[in-house]
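First up is the structure itself, then whatever we jot down about it.
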Amino acid sequence: MTISAIIAIAEAEVHGCSALNTSLFIQCMIEAEKPNLIVFTGDNIFGSDTKDSAKSLNAAFAPAIAAEIPWAAFLLSVAMAGSKPSQQLWFQRTSTKLQNVYMRLPMAQKSSVSGLVYFHIPLPEFASFDVSNFTGVRQEGITLASINSGFFTTMVEAGDVKVIFTGHDHLNDFCGQMTGIQLSYAGGFGYHAYGKVGWSRRARVVVASLEKTDEGGWGAVRHGSALMMGISLSLMSRSCGVRTYS
């Protein structure tokens, strides 16, 4: 993460602002939420303004590393051709393996393990939503893979995926349900990436519960030490909603 100009913020807020605000955002989120896992869904650095990509990536991930919290990241932004057969095969094998472990005695579960799947480029199915069937906002076109690889159908057939999160489109922030799976944007918190004046940077917060509940609801982003938006998820009941913070 280089100390570069901020993209799309109000002129009055430019002074003293840099890409380092992204690190501060992550630090505030970690302090407030104490997450068990952090997933960076791509566009982690602004490549055209970065002289040393490795150093910039290290700076972007530094808060998670310093907090000693498990993390994962997408390192590429423009893989538009869709997922490869080998990736789907890996998913199917991993899903089957986890299901077998989850259902094994002596602590066999009554239903399948609940899975969360993260992408950078939205699956073609995201284009199926409009204001009549999603919660949240759509403020730009949905950037889809050029080929529909059928990965969504593969996940439906596996039966364990409850939510799919995606990145890339920084100004879209909505969640909708299709064939029993929630499709949701992960939120864009990078101050060095493109945004929109008046549109708060945000990060999706997932709250996973082992108890079956029907709770969930959508709320607005609140402004505090960090700007956050979250999704409160009961993996057993497949509910979709939001947690907000003051």
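The values are calculated or read from the model by the stated rules, or taken from the named source; none is laboratory data. Note that this is a predicted model, so its numbers are computed, not measured. Neighbour counts run over all protein chains shown; Cβ positions are idealised from the backbone, glycine included.
Quick look at the values:
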{"item": "Residue that is nearest to the chain's Cα centre (by Cα), among those in the range 176-196 that are closer than 25 Å to Met155 by Cα and not small (Gly, Ala, Ser)", "result": "Tyr185"}
{"item": "Of all residues in the range 142-179 being touching a helix residue (DSSP H, G or I) at 6+ places or on another chain (Cβ under 7 Å) and more than 20 Å from Gln87 (Cα to Cα), the one that is surrounded by the most Cβ atoms within 10 Å (Cβ to Cβ)", "result": "Ile142"}
{"item": "Close pairs from the range 54-78: first at pLDDT below 80, partner of a type in the set (A, V, I, L, M, F, W, C) and in a helix (DSSP H, G or I), Cβ under 9 Å, at least 6 apart", "result": "Leu75/Leu57"}
{"item": "Any hit, the range 129-138, residues being basic (Lys, Arg) and touching a residue at least 24 places away in the same chain (Cβ under 8 Å)", "result": "yes"}
{"item": "Pick from the range 37-63, criterion touching a strand residue (DSSP E or B) at 6+ places or on another chain (Cβ under 9 Å) and assigned to a loop (DSSP other than H, G, I, E, B), ranking: surrounded by the fewest Cβ atoms within 10 Å (Cβ to Cβ)", "result": "Leu37"}
{"item": "Sole exception among (1) at pLDDT 80 or above; (2) closer than 24 Å to Asn44 by Cα; (3) touching an Asp or Glu at 6+ places or on another chain (Cβ under 9 Å) for Met178, by number", "result": "(2)"}
{"item": "Scope the range 127-171; condition in contact with a Gly (Cβ under 8 Å, 6 or more places away or on another chain), in a loop (DSSP other than H, G, I, E, B) and either β-branched (Val, Ile, Thr) or closer than 17 Å to Thr41 by Cβ (or both); matching residues", "result": "Ala145, Ile147, Gly167, His168, Asp169, His170, Leu171"}
